[in-house]
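All remarks here apply to the structure that follows.
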Amino acid sequence: MSEWSVAEPRRLTFDEPVTALHVRVVNGTVNVVGTDKGSAWLEVTDLEGPPLTVTQKDGTLTVAYDDLSWKGFLKWLDRKGRHRNALISLAVPASTRVEVGVVGATAVVTGVDGRTEVKGVSGDTTLVGLSGQVRATTVSGSVEAQAVTGDLRLSSVSGDLTVIEGTCPTVRADSVSGAIILDLDPTGGPTDVGLTSVSGEIAIRLPTDAEVEANTASGRIANAFDDLRVSGPWGAHKITGRLGSGNGRLKATTVSGSIALLRRPPREDEPWDAGTGSGERRVDGDAGATHEPRLGDGTAAPREPGLGGGITEPSEAGSGVGADGASVGTPAAEGAGVVTDNSSAGLPEPSDEPLGHAAADGAGGALPDGSVSRSDGGTTSSTNDKKVL
């Protein structure tokens, strides 16, 4: 066994094969990168407090404090930890099995093909381009997984959990009060997704093929799919149905949190107003230039009085009545679980921005005809309209 004591900034290179990596630090940052090289190296650029002990034995490389064990890691909270800080970077072969534990530190793991496990108390965790099994557990820090292709399991008490551009065969995410945001890559194969939350919100951009079941006891629901049906007694909501061939599976459950089932926006080569007919209004880009609706003979559509100059979007040419028979701008009838203003529900609107980004300021609620009200009183339609239940 080889052993080093690192008490100051230093770089170490390990010529012997590394098949497993164990890291345990308090405060600071841990960066782990998988490479196609056979050797590994460690660089400590900042260190406060007691020295780090580095050992290499039987292919396992360990970088840790002697008094910080992996077994009781999440219970390790001590005042002496406030006087510790470490900024370390490691490069290991991509096939290495990685275990990282941080208390108040940020952890970043990228490009690893082997099994990866991260435990955190209050630090944030970022996982990028991992193809092996991935498990991340945090108390109050957030976890973000990007372009992960292996089986993924995330758990949090109050931290947010975010999955972006993943093609994971299975995804499991559990949270008590943190939000869960899921945006899977549509080019991936069937995915088995299970999401559970107590009071945290759940937002999902659904794949094209999936059997869907979403439940909330007292939270609100926003649904962008006509193929999914809503059921349940007063005060409880359940959405079920099949999208496409139904090869994948999604089950999302929350007690008091809200659930948003979002539709994927059009591809970059498809215009936002594709498929819309005459008599609709759209907004172009950031400039906010509006296109006035035209009737079949090319004349401008009439404006509806009392809507602040907004445009009536008729179901038939010249009509100011929506598809549901109510005049445009008339609030929907009251009912259990009906959301007429998505902004009040705290749920994101479908957009071409990746999930996890804030919606544009001034976004309004959904009108009964499917248009979206703006803060200036106008209405905007989109092929990405969301059906709000």
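What follows is calculated from the coordinates using simple rules that are stated; it is not laboratory data. Nothing here was measured: the structure is a model prediction, and the numbers come from that model. No Cβ is skipped: glycine too gets one built from the backbone with ideal geometry, and neighbour counts run over all protein chains shown.
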- Message: Multiplying the sequence separation of Arg172 and Thr45 by 0.36 nm and subtracting their Cα-Cα distance, what value in nm do you get?
- Response: 42.2 nm
- Grab the Cα-Cα distance for Thr53 and Asp185, subtract it from 0.36 nm times how many residues apart they are, and report the gain in nm with one decimal. 43.5 nm
- Task: Just order 31-38, 101-108, 58-65, 148-155 by mean Cβ neighbour count inside 10 Å, highest at the front, would you?
- Result: 101-108, 148-155, 58-65, 31-38
- Query: Can you give the extra length, in nm with one decimal, that the chain gains between Asp36 and Arg135 once fully stretched, where that is 0.36 nm per residue apart less the Cα-Cα distance?
  - Reply: 33.4 nm
- Message: When a/c reaches 1.5 or more, the comparison of a/b and b/c decides; with that in mind, is the stretch 142-264 rounded, prolate or oblate per its Cα gyration tensor?
- Response: oblate
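Over the stretch 169-244, what is the mean sequence separation of C-alpha contacts under 8 Å (at least six apart), divided by residue count, expressed as relative contact order in percent? Let's see the in-between values first.
Values: 125 pairs, mean separation 21.1, N = 76.
Computed value for the stretch 169-244: 28 percent relative contact order.
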- Collect residues whose amide H, placed 1.01 Å from N in the peptide plane, falls under 5 Å from the amide H of Gly28; neighbours closer than 5 in sequence don't count. Ala86, Thr106
- Message: How high is the relative contact order of the stretch 1-115? Use alpha-carbon pairs under 8 Å, at least six apart in sequence, and give a whole percent.
- Response: 42
- Along Cα→Cβ, 7 Å out, is where each label goes; now give me the distance between the ones at Asp227 and Lys251 in nm to one decimal. 2.1
